[in-house]
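Data block below; observations after.
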Amino acid sequence: MPLITGPVTAAPLETIASPSLWAISVAGLLVLLALDFAITRRPHEVRMREAVGWTIFYLALPLLFGVYVWLDHGTQPAVEFLTGYVVEKSLSVDNLFVFMLLLSAFAVPRELAQRVLLYGIIGALVLRAIFIALGAAALASGTWAFLLFGGILLVTAVKILRDAIRGQEHEVDISHMRTIRLARRFMPVTDGYRGTHMIVREGGRRALTPLALAIVAVFATDIVFAVDSVPAVYGVTSDPFLVFATNAFALLGLRALYFVLAHALEKLRHLNHGLGIILAFIGVKLVLHWAHTVWPAVPEVPTLASLGVIVVVLLTVTLTSVRANRRDERLAAQAEPPGKD
């Protein structure tokens, strides 16, 4: 088995994106965010029909982009984009569940929920862009970054699976969040919401509203999610543009998807099991990729095979969640006293 000695350095990262494609993509992202701002400018309770319509729109966009990548750049980049998008979308559903808990903890009015979600998405996009740039710099400096990313994902996967097996669900205690305590220390907080205002003047001094605290809390959780999601998609593709595109497309539709899945999220009881398995799989894939650069005889996992594994895992945990819910409903019905209406 040949062994490469001495420092191993990575070649400059290859990308399908030209400067013009980067400019067009960023401009398109800004247009979509401006459209979302226009929609949320007038606070209103989001109806299911509106949420479903926007969800379909934001699901169609990445599919069209994938077709463009396939036609213009070939099958491999298209498969990498699609696989990365599926991974990021899966992780974003977990983000939504935490956002739901935060909105509930802060008692955010239904008509303001989409404003909080929009700010959370913008914060997530900014943080992902920073982490993507740092990840690209790390990968360009040497193949050790693949080992580092793989280790991060494996540690995260173990934690998620351990909590899932123990039955520990997401918990949000805003009184223990450092960012919230810090914000309260510097400025007083009003006793209620003031529409879409985050800072108001009351009693001759400026004060934060609960809306501002809710947005700060969402930003804080965005940081945690970025640490996991960026290494995960770098396990699928090393192209910084495709990493950026998968993150952007996965995050853009979260505002509408939240209202579509608001009730279904609680029923996906095995989602964390699936996410833990997916992160562990990608972590192993990254470690194998690093080992392959040192010992070429070590096999790598093809991207198409990765897509198959991820899809099978997601379908499996969805079906097992549905089956478990039906079983519990059946047992609950059997436990009801006879003659009860």
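The values are calculated or read from the model by the stated rules, or taken from the named source; none is laboratory data. For clarity, every value in this text was computed on a predicted model and none was experimentally measured. When we count neighbours, we look across all protein chains shown, and the Cβ atoms used for this are built from the backbone with ideal geometry, even at glycine.
Taking only segment 115-143 into account, find how many residues are more than 17 Å from the chain's Cα centre (by Cα), part of a helix (DSSP H, G or I) and surrounded by 16 or more Cβ atoms within 10 Å (Cβ to Cβ).
Of the residues in segment 115-143, 4 are more than 17 Å from the chain's Cα centre (by Cα), part of a helix (DSSP H, G or I) and surrounded by 16 or more Cβ atoms within 10 Å (Cβ to Cβ).
Out of F106, F81, F146, F97, report the one residue that is within 28 Å of A164 (Cα to Cα), among the aromatic types (F, W, Y) and either surrounded by fewer than 20 Cβ atoms within 10 Å (Cβ to Cβ) or within 17 Å of the chain's Cα centre (by Cα) (or both).
F97 is the lone residue from the list that is within 28 Å of A164 (Cα to Cα), among the aromatic types (F, W, Y) and either surrounded by fewer than 20 Cβ atoms within 10 Å (Cβ to Cβ) or within 17 Å of the chain's Cα centre (by Cα) (or both).
From the residues in segment 51-72 that are surrounded by fewer than 16 Cβ atoms within 10 Å (Cβ to Cβ) and not hydrophobic (A, V, I, L, M, F, W, C), which one is modelled with the lowest pLDDT?
G53
I need a count of the residues in segment 175-220 that are over 24 Å from L125 (Cα atoms) and in contact (Cβ under 8 Å) with a residue 60 or more places away in the chain.
2
Just one of the numbered conditions (1) more than 21 Å from the chain's Cα centre (by Cα); (2) buried (at least 18 other Cβ atoms within 10 Å of the Cβ); (3) more than 17 Å from I122 (Cα to Cα); (4) not basic (K, R) is not true of T40; which one?
Among (1) more than 21 Å from the chain's Cα centre (by Cα); (2) buried (at least 18 other Cβ atoms within 10 Å of the Cβ); (3) more than 17 Å from I122 (Cα to Cα); (4) not basic (K, R), the lone unmet condition for T40 is (3).
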